Amino acid sequence: MKDIIREHGGRVRAIIRKLTGSYNEDIEQDVYIKTWQNLDKYQESGKFRQWISALTANVCRDYFKSRGYKSSALASGDEEALENVAVPPRQEIVLDAKQRQKIILKAVDDLPRKMREIVVLFEFEELSYEQIAKKTGLPVGTIKSRLFNARKILGEKLKFLKGE
């Protein structure tokens with residue numbers, strides 16, 4: 001496990017910072033616990049770096065769903081920002097980067113499972129269409145279509161962030 005932490009720790013911390021807006025040691029520890037618990041489920045067909053990256057993104061999403069996050073968000077007033085995902089586009093909202101990231105992650109999490117999977121693989125794990133096709137067994141055209149439709153849904157849900 002020490003080798004995994006030494007080799008992938010920087011990437012895990014970078015993903016946590018990117019998705020949550022700041023470094024969170026609790027999330028990093030959860031990633032390593034889940035890595036240890038699920039190491040036997042890792043399939044050698046993919047790259048370990050991509051697997052641990054996806055696991056990190058999932059732990060971050062779980063964190064946003066957790067009671068601990070929601071209670072701290074209520075105390076700090078962030079819960080209001082999360083609820084703005086469904087706000088009409090004309091309402092002007094000034095959000096800091098951290099709040100924007102939380103809103104975007106929640107919107108991605110609300111996508112249908114098939115679309116969410118493609119978005120996570122393409123945007124968070126930075127896989128190519130061909131790599132996603134190989135990993136999922138889907139044709140490249142299906143992947144492009146799902147990504148297009150997911151972006152269309154996200155664009156509609158999140159257009160208030162652009163000030164439209």
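The values are calculated or read from the model by the stated rules, or taken from the named source; none is laboratory data. Everything quoted here is computed from the prediction, not taken from an experiment. Accessible surface is based on the protein model in full, side chains and every heavy atom, while ligands, DNA and RNA are left aside. Shrake-Rupley method; radii C 1.70, N 1.55, O 1.52, S 1.80 Å.
Accessible surface ranking for TYR63, TYR23, TYR32, 1.4 angstrom probe, highest first: TYR23, TYR63, TYR32. Per-residue surface analysis assigns ARG113 an accessible area of about 140 Å², computed on protein heavy atoms at 1.4 Å probe radius.
Amide H contacts of LEU138 (H built 1.01 Å from N, in plane; Pro and chain starts excluded): no residue 5 or more places away or on another chain comes under 5 Å.
Checked against a 30 Å cut-off, the cross-linked pairs LYS18/LYS114; LYS34/LYS106; LYS2/LYS106; LYS47/LYS106 give Cα-Cα distances beyond that limit for LYS2/LYS106.
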